[in-house]
């Protein structure tokens, strides 16, 4: 398949992730949406890597994956910690940092 | 020769269609599920389909990693946390600031539309039109990507391992139980 | 050339520096020894240099001591150089001699003051600055001294700064002097612009040669020399307390009496006269400027003499007397009689310093009070002081054989005889001469009034003060006696040529090379002036005896009742201070207030300072509304921003539109919408497969030779991606 088809899928997936991040109240689903966006980026990286015949894209995809793992670990830890102190997993109820 | 190429392309097209449909459907399911457990399962579906797409891109190593790390490890982590903090929410979308966020979604939609239009418009350029696996030996295999990781990208590789270590320590610190009778060392 | 010249100002300056830095470690005795030694040594060095090099001093340009280049900027090079010639040598002797005497006097007068060290440090500093002023070889060096003495004057007038009146008197002196200093600076700038130098000898030579650089017309038909001279004279007016800037000098009496004697009578206030004499050649180029100098001098002499008649404070009388005598000196230099002006300066230094020291002695006895209406009959209690006062008083009154007689007559006689003003302004000489004679009458009268009210008749002081009356200690009497002797004898260096042809007018001879030859006056005129001025002096003294002999007498009381307004005006010093207050101080204060309110309060405080805080505060309040604490809304705004960025930036690389305009036989093709400047275009208008136009231009035109259908093909190449696209159209040409 031509590369642009993969890119379109990647874009669509990224948009879906963005919509999830912006709309959902549950902090876990927001985190999952972030994972979707990261996966969309990985897909674009791999597509262009193939088009260019350059495996550096694979390396970066690998890094993105590692980053996503780290993000998930810390993000979920924060969720647990917040839930423990405030008994909530809703993003709109965690808004202490405001002017 | 011509025929085999065509039929291979045919099979590839079908595989691509199924897999990308799986990815998008899984993504949509993920963000629409009310129950987080369902969302996690949809995410597993998405990632599995995505691993298939990676395979069609000759990214065998990354496809395997996708399954192992994402669909495996990270999803398990999610499931655990879902178990810990699961609260049924009455309203999946917060009312407060809905207008701003709706505009934000529209803006994201515009970005998607605009970039997609550009990609469609410029699909003739070689970068976007390329459709075959590049003539590189062992493209996307564990050995060739691994060789790259341990040669040219050794420093970033070590840096990212350090990042993971920091994330692990951070996760432990954040979720540690602070006992009431002992003063907290994390303030 | 002798380098000991630099020692003369350096000694007192070092003394001042030492006293300021380490004076507190020493006993009073050591302090005044250091101070007196510094000035005394300066005097001795002056004497040594002056008399050792005397023939050279008076017959050539004098001695120069070049310390080094002070600064050089463009065409301007100013050397830190000192010069001693006849004029500056004489001044140097006067300053260091009187300075030494007054240092000695101060050891007695200030014996009980707690700020002993500070006083002597300032006095030393003053002497150093004054000597620098006198010896400075260029106008900027002179200006250091000029400003230095101004500073010391300020410091010493406000020496007892605990009282607000003293502090404000110091400020008044300083500010009034600044007005004049501005003139001095402008004069300096004018001279530099015209002559390209500020070295006094060069300037004087240029002026003597009548160089066109100085005689060229500058403004209003007057030459450069006139304006420079006028502005420099403005400086002199400030420093030497002439109308209209004299107002600071009476107030300056707030300082300790030795200061009044040294700074505000004998030395600093004569700096203006000295400066005009120094640049005499320049003034001679501009008779109009000389006329102004003489006119201002005469007016001041008369005016101050009149005001002195009505003052009841010992030192105030002497202050107005000083102003009046400075007027005499300015008439001297203003009639081209520079030697005469300097001669009067010389004798005045003795008798006026002597009078001030007497005042100090009297006030010392009277527990600090200078009110002459509370004095009287002090001759018995203070015999030495009385004698010194008599001698100095007779000298200032102009009684024959006393020094003031000769110096005053040298000015008056030459004022009548002078020809420097030219035919058109010739009337000025006799007019100012007559004015001086009138001032001399006033002088004799107020001086005698002062004497009679203080030293004769019954004592009007209260009992306590009367019991306390005592003659001053030797440290004070010694300098007074020396000055009295000087007041008696100083005239011998300037005897009129009519009196002694061989030894007449020595000062004039000494100064010939510095200020030009003195005017020869016929013996007949000299004798006539001497006779008239003797009569005037005796008349003034006699009239004062009638009014005030042994206390205020009946004629004086009758005069006051007959002329109440006149006496009130004289006693009120013609209300000049009040007029200045209305004309200058109040408008200035009002203007300052306006600036304070408009510029400072509103513009700076409210708009610039407050405005920013309001701006930042408002911006903060507004941004606070955005800061809702909801991560999703932040992300939404981020997405909106990203959309805007994409809207602006995301353009297709290759154009998608083709516009074709057909005008008759020609066709114009324009491609729009895209990053056109990065692309290469090829236009094939007639369908033959070859590019008819190519290049980076996104439009092309073509004229078809005949009508028909044509295949138009546009090929767009993007060299960045090596992509090309072909757009085809069919066009109809009628």
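List of remarks:
- Förster-model FRET efficiency, 35 Å R0, residue C:539 and residue C:144, C-beta, rounded to 0.05: 0.15
- Taking C:322, C:213 and counting other C-beta atoms within 10 Å, the order from fewest to most: C:213, C:322
- Choice from B:15, B:167, B:51 showing the highest fluctuation, given a GNM over chain B with Cα pairs closer than 10 Å: B:167
- Extending 7 Å from Cα along the Cβ direction at residue A:97 and again at residue C:59 yields two label points whose distance is 9.7 nm.
- Theoretical FRET efficiency, 1/(1+(r/R0)^6), r = Cβ-Cβ of residue C:604 and residue C:151, R0 41 Å, to 0.05: 0.85
- Spin-label pair residue C:163-residue C:52: with each label point 7 Å from Cα along the Cα-Cβ axis, the two points sit 4.6 nm from one another.
- Using the alpha-carbon positions of segment C:575-650, Rg (one decimal) and Dmax (whole number) come out as 26.8, 84 Å.
- The modelled label-to-label distance for the pair residue C:612/residue B:64, using points 7 Å beyond Cα in the direction of Cβ, is 6.3 nm.
- Length added when fully stretched, residue C:77-residue C:585, from 0.36 nm per residue minus Cα-Cα: 179.0 nm
- By the count of other C-beta atoms within 10 Å, a proxy for reagent exposure, C:324, B:161, C:168 are ordered fewest to most as B:161, C:168, C:324.
- Full-extension gain in nm, residue C:69 to residue C:489, via 0.36 nm per residue minus C-alpha separation: 147.0 nm
- Euclidean distance between Cα centres, segment C:511-536 to segment B:123-139, Å: 119
- Gyration tensor (alpha-carbon) shape descriptor, segment B:8-88, a/c threshold 1.5: oblate
- The alpha carbon gyration tensor of segment A:1-48 gives principal lengths a ≥ b ≥ c with a/c of 1.5 or higher and a/b greater than b/c, which makes the shape prolate.
- Using alpha-carbon coordinates, inclination of helix C:116-135 to the longest axis of chain C, degrees: 80
- Computed E for residue C:662/residue C:715 - FRET, C-beta separation, R0 22 angstrom, nearest 0.05: 0.60
- Near-label residues of segment A:54-74 by backbone N, under 18 Å of a point 7 Å along Cα→Cβ of residue B:133: A:54-59
- At full extension, residue C:21 and residue C:458 could sit 152.4 nm farther apart than now, given 0.36 nm per residue minus the alpha carbon distance.
- For the protein assembly as shown: rounded, prolate or oblate by the Cα gyration tensor [a/c cutoff 1.5]: prolate
- Cubic angstrom per residue, convex hull over Cα atoms of segment C:463-608: 364
- The order of C:384, C:70, going from fewest to most other C-beta atoms within 10 Å of their C-beta, is C:70, C:384.
- In segment A:3-86, the inverse of the mean reciprocal separation of distinct Cα atoms equals 13.8 Å; this is its Kirkwood hydrodynamic radius.
- Structure-based [θ]222 nm, chain C - -39500 (n - 2.57) summed over DSSP H runs of at least 4, per residue, nearest 500: -20000 deg cm²/dmol
- Base-10 log of normalised Debye intensity for segment B:24-153 (one unit scatterer per alpha-carbon) at q = 0.15, 0.20, 0.22 Å⁻¹: -1.03, -1.19, -1.23
- GNM top mover of B:169, B:31, B:18 - chain B, alpha-carbon springs below 10 Å: B:169
- The long axis of helix C:474-489 is offset from the longest Cα principal axis of chain C by roughly 80 degrees.
- In terms of overall dimensions, the C-alpha atoms belonging to segment C:3-571 reach 69, 60, 45 Å along their principal axes, ordered largest to smallest.
- Label zone at residue C:28 (point 7 Å along Cα-to-Cβ), backbone N below 19 Å, segment C:345-378: C:360-369
- For chain B, modelled as a GNM whose springs connect Cα atoms under 10 angstrom apart, the maximal fluctuation among B:154, B:57, B:174 occurs at B:174.
- Peptides C:142-150, B:109-117, C:663-671 ordered by packing proxy, namely the average of other Cβ atoms within 10 Å per residue, highest first: C:142-150, B:109-117, C:663-671.
Every read-out reported here was derived from the displayed coordinates using simple, explicitly stated rules and does not represent laboratory data. Note that the coordinates shown come from a computational prediction; the quantities given were computed from them, not determined experimentally. Cβ sites come from the backbone with ideal geometry, for glycine too, and all protein chains shown count toward neighbours.
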